[in-house]
């Protein structure tokens, strides 16, 4: 009986090690993809803030960033919470978020 337990323990341990190895092989590629998507979202988000007078919808962010809708939704919800955006609905019934306006400082003329 103890031999069967030893064999089962070795099989379980082998399977566990196999899963860890497979996970470590896939993870670097997945992490690179997530970092790329995050950068795409950030670039699109700040570009849209400027272009759309601080009003952004999920469909705009998804289309501009070219990432999965779920990732764009999660990112937009984080930005809404962190920046205090207000949800609004337009005349067509589409939801968008109004973020605080971007205010740029006037440039100082250094030639004076």
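We did not get these values from a lab; they are worked out from the coordinates using the rules stated. It should be emphasised that the depicted structure is a prediction, and the values quoted were computed from it without experimental measurement. We place every Cβ from the backbone using ideal geometry, glycine too, and count neighbours over all the protein chains shown.
The calculated FRET efficiency for residue 11 paired with residue 31, based on their beta-carbon distance and R0 = 41 Å, is about 0.85.
Principal-axis analysis of the Cα atoms of the chain puts helix 69-83 at an angle of about 60° to the longest axis.
Full extension of the chain between residue 3 and residue 59 yields a length gain of 14.2 nm, computed as 0.36 nm times the residue separation minus the alpha carbon distance.
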